[in-house]
Amino acid sequence: MNEDCSERILAMRAEERYEISSLKKEKMNLLKLIDKKNEEKISLQSEVTKLRKSLAAEYLRYLTERDARKILIGDLNELRYQREDMSLAQSPGVWGEDPVKLTLALKMTRQDLTRTQMELNTMKANFGDVVPRRDFEMQEKTNMDLQEQLESLRADYEEVRKEHEMLLQLHMSTLKERDQFHFELQEIQRTSTPRPDWTKCEGIIVGGPERWLMLAEGKNSDQLVDVLLEEIGSGLLREKDFFPGLGFGESVPSFLRFDGSVENKKPSKKEVVNLLEDAWKERLAEEQKESFQDFFFNFLERRFGISDAIAWAYTIFENIKLFRSSEIMSQFYAVLMGKMTESVYINQRETLSHLLKEMTNVDTQNEGLITMEQFSTIIKNTFPLKKEEQIQELMDAAGWGPDSSSVEVFNYQILFTEDEEGQSEPFVQKLWEQYNSEKEAYLQELKQDLGLDLQDEVTLLKVRGALMNNDPSLDKQTLSAYLSQAFQIPVAELPLEDEEKQEEIVVKLETVLEQLRMADTKRVGPREPEPAS
C-alpha cells in the first residue's frame, strides 16, 4: 500500500509540474501580446499627433485666407465706392452739388439703410407672429358673439333640463294618480251599488215627468236626492196642521220659543220666497241693527200681527230648513241660525248690482244688449284676481259657446233674473260657486302659512302675520274685521298695537277657520311671488 501511495504522489507531482510549465508558457505569450499592443498604441498616438499638427496648420491657413479675402472684398468695395463717387463728381447731371457733400450724404444714407435694416429685422423677430389689430378686433368680436350664443344655449339647455325634470316629476305623479284612481275605480266597482233609475220619480212627483225633468236638469245624484227629499218633505209639510212648540230653553232660537201647538200656515214656496225678499229689503234699510233673529220675529209681528207671528215663524223656519236647494232659503236659514254672516249676502247683492250697472253703462243704446267682448272686459275688470279658466267658466254660464263670435250680442239682463221660487240663472250660480271655492282656497293657504293642525291653538299675533303674508294688500280696516270675526272680539277691543296681548289671545285653528268661513272672507290682492331659488 505504501508503494501505491508513493506512486500516486509522484504522479500528482508530475501533473503539477506539467501544469506549471503550461501556465508559464501562456504567461510568456500574454506578455508578448501586451508588448505588441503597446507598440501599436504608441504608433497610433504618434499618428494622431501628426494629424492634429496638420489640422492646426490647415486651420491657420484657412483663417489667413479668410482674413485676406475679407480685406480684398473691403478693398474692392472701397474701390467701387470711389469709382461711383468719381463718376458722380464727373457727371454734370447731379444738380451741380459738391462731391464731398454727396459722398457724405451717401455715407449717411447707407448708415440709415443699415439701421433701418436692423430695425426691420428686429421687428420681424419680435412681431413675426403678431396679427393686425383689425383682425384681432374682428376675431375678438366673433369670439364674444360665440360666447354670448354659448351662454344663451347654456341657459336654454338649463331651462329645458329643468322643464324635463319637472315633466318627469309630473309624469311620475300622474302615474301615481292613475294607479290610485285605478285602485279607487276597482274598489268602487267592487263595493258600489248600481246608479238609481231617476225616471222612476216622475210618477210620484207632483206635476209629472215635465216637472221632474225641470227639477232634475243639470243636477248630480246627490243634488237629485236633495230634490227628492224636498218634494217628499214638502208633501209631508203640507199635511201637517200644527207644529209642536220647542219650549223656552236656551238652545231654542229666540223666535221659536213657545210652549204648545203652533198652527201651520201652509204657504206656497213662492209666498215664502216673496216674504224672505221683503225681509231682506227691510233689513238692509234698517238703521239701528238688532240681532237677526230678533229682527226676523219683529218683522213677522209687523207683517202678521203679534198673535200670528209665532205661527209664521215656525212655518217659515220649517220651510227654509227643508228647501236647501233654493238659494234665498238656504242663505236666509244660514244667516238666521248663525252659520253665515249677513255680510256674505250683502256682498253678493252689491256685486250683482255693480255688474248690472257696468253692463248698463256699456249699453249706450239702452236695448239691453252687449257683445261678448264687452261682457268679458267687464268681468275681468270687476274680478281682476280671477284666472282665465274662471273667466271662461263665467262666459260659458252666460251662454258663450264654442261657435260664438266676440261681436255677437246677447241680453245681459236675463243673467240677473230669478224664477218665482227665487232660483238664479246659471251665471249667478257659477259666480257664487267660484266665490265659495276661492274662499276655501284662501283659508287653506292661511292654514298652510300657519303650519298647524286644526286642533292646535293659535294666537291672534300669528293669525295676523299669516293674513298679512298671505294677502299683502289687506288694509288695516279689513284686517281688523277678519281678526274680529276669527276671534269673536269687537274691532274696538283688538290689541293691534300690543304684541304681548296678541300673544295672550289664543283659540283653536279650527275655530278661526270656521269663523272666517262664515263671513265675507276673500282675497284683496295678489299674493307676492316667492323668490327664485
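Might you check whether a residue that is free of Cβ contacts under 8 Å to residues at least 40 places away in the same chain, part of a helix (DSSP H, G or I) and surrounded by 13 or more Cβ atoms within 10 Å (Cβ to Cβ) occurs anywhere in region 470-479? Yes, region 470-479 contains at least one residue that is free of Cβ contacts under 8 Å to residues at least 40 places away in the same chain, part of a helix (DSSP H, G or I) and surrounded by 13 or more Cβ atoms within 10 Å (Cβ to Cβ).
Take the residues of region 274-292 that are open to solvent by 50 Å² or more (accessible area, probe 1.4 Å) and not acidic (Asp, Glu): which is farthest from Tyr345 (Cα to Cα)? It would help to see each step written out before you state the result.
Within region 274-292, the subset open to solvent by 50 Å² or more (accessible area, probe 1.4 Å) is 274, 277-278, 281-282, 284-285, 287-291.
Among the residues that remain, those that are also not acidic (Asp, Glu) are: 274, 281, 284-285, 288-289, 291.
Details: Asn274: 16, Lys281: 12, Leu284: 10, Ala285: 14, Gln288: 18, Lys289: 16, Ser291: 16 Å.
Ranking the qualifying residues of region 274-292, first place goes to Gln288.
Based on this model, can you work out whether Lys266 counts as outside any helix (DSSP H, G or I), open to solvent by 70 Å² or more (accessible area, probe 1.4 Å) and under 23 Å from Val344 (Cα atoms)? No: the conditions fail for Lys266. Applying the condition of being among the hydrophobic types (A, V, I, L, M, F, W, C) and under 21 Å from the mean Cα position of the chain (by Cα) to region 438-455 and asking which residue is least open to solvent (accessible area, probe 1.4 Å) yields Leu446. When Thr382, Thr417, Thr371 are checked against the criterion of being over 26 Å from Glu327 (Cβ atoms), at pLDDT 85 or above and either open to solvent by 60 Å² or more (accessible area, probe 1.4 Å) or out of contact with any Pro (no Cβ under 6 Å at 6 or more places or on another chain) (or both), a single residue qualifies: Thr371. A Cβ distance below 7 Å, combined with a sequence gap of six or more or placement on separate chains, defines the contacts here; from region 397-413, residues that are within 13 Å of Ile370 (Cα to Cα) and modelled with pLDDT of 65 or more reach residues that are open to solvent by 60 Å² or more (accessible area, probe 1.4 Å) and not small (Gly, Ala, Ser) in the pairs Val409/Leu369; Phe410/Leu369; Asn411/Leu369.
Residue by residue, here is whether (1) hydroxyl-bearing (Ser, Thr, Tyr); (2) in contact with a strand residue (DSSP E or B) (Cβ under 7 Å, 6 or more places away or on another chain); (3) under 25 Å from Ser325 (Cβ atoms) holds:
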site	(1), (2), (3)
Asp226	no, no, yes
Leu236	no, no, yes
Phe243	no, yes, yes
Gly249	no, no, no
Pro267	no, no, yes
Asp278	no, no, yes
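Can you tell me which residue among Ser353, Ser307, Ser330 is over 20 Å from Glu277 (Cβ atoms) and either open to solvent by less than 50 Å² (accessible area, probe 1.4 Å) or not aromatic (Phe, Trp, Tyr) (or both)?
Values: Ser353 fails: over 20 Å from Glu277 (Cβ atoms); Ser330 fails: over 20 Å from Glu277 (Cβ atoms).
Answer to the selection: Ser307.
A count restricted to region 480-505 and to residues that are more than 15 Å from Ala519 (Cα to Cα), assigned to a loop (DSSP other than H, G, I, E, B) and either open to solvent by 50 Å² or more (accessible area, probe 1.4 Å) or β-branched (Val, Ile, Thr) (or both) stands at 3.
Scan region 333-342 residue by residue and report those that are crowded, with 18+ Cβ neighbours inside 10 Å and outside any helix (DSSP H, G or I). Let's see the steps before the verdict.
In the first step, residues of region 333-342 are kept if they are crowded, with 18+ Cβ neighbours inside 10 Å; the result is 333, 335-336, 340-341.
If the condition is that a residue be crowded, with 18+ Cβ neighbours inside 10 Å and outside any helix (DSSP H, G or I), then Met340, Thr341 are the ones that fit.
Of all residues in region 314-321, at least one satisfies being out of contact with any Gly (no Cβ under 6 Å at 6 or more places or on another chain) and farther than 24 Å from Glu418 by Cα. With respect to the conditions (1) under 20 Å from Ala519 (Cα atoms); (2) open to solvent by 50 Å² or more (accessible area, probe 1.4 Å); (3) assigned to a helix (DSSP H, G or I); (4) touching a residue at least 12 places away in the same chain (Cβ under 8 Å), Tyr345 lacks only one, and its number is (2).
Looking across Gln169, Gln186, one residue alone is within 28 Å of Val225 (Cα to Cα), surrounded by 10 or more Cβ atoms within 10 Å (Cβ to Cβ) and either modelled with pLDDT of 90 or more or more than 33 Å from the chain's Cα centre (by Cα) (or both). It is Gln186.
The values are calculated or read from the model by the stated rules, or taken from the named source; none is laboratory data. Values in this document were obtained by computation on a predicted structure and should not be read as measured data. Methodologically, a virtual Cβ is constructed for each residue, glycine included, from the backbone with ideal geometry; neighbour enumeration extends over all protein chains shown. When the accessible area is computed, the model is the full protein with side chains, heavy atoms only, and any ligands, DNA or RNA have been set aside. Shrake-Rupley method; radii C 1.70, N 1.55, O 1.52, S 1.80 Å.
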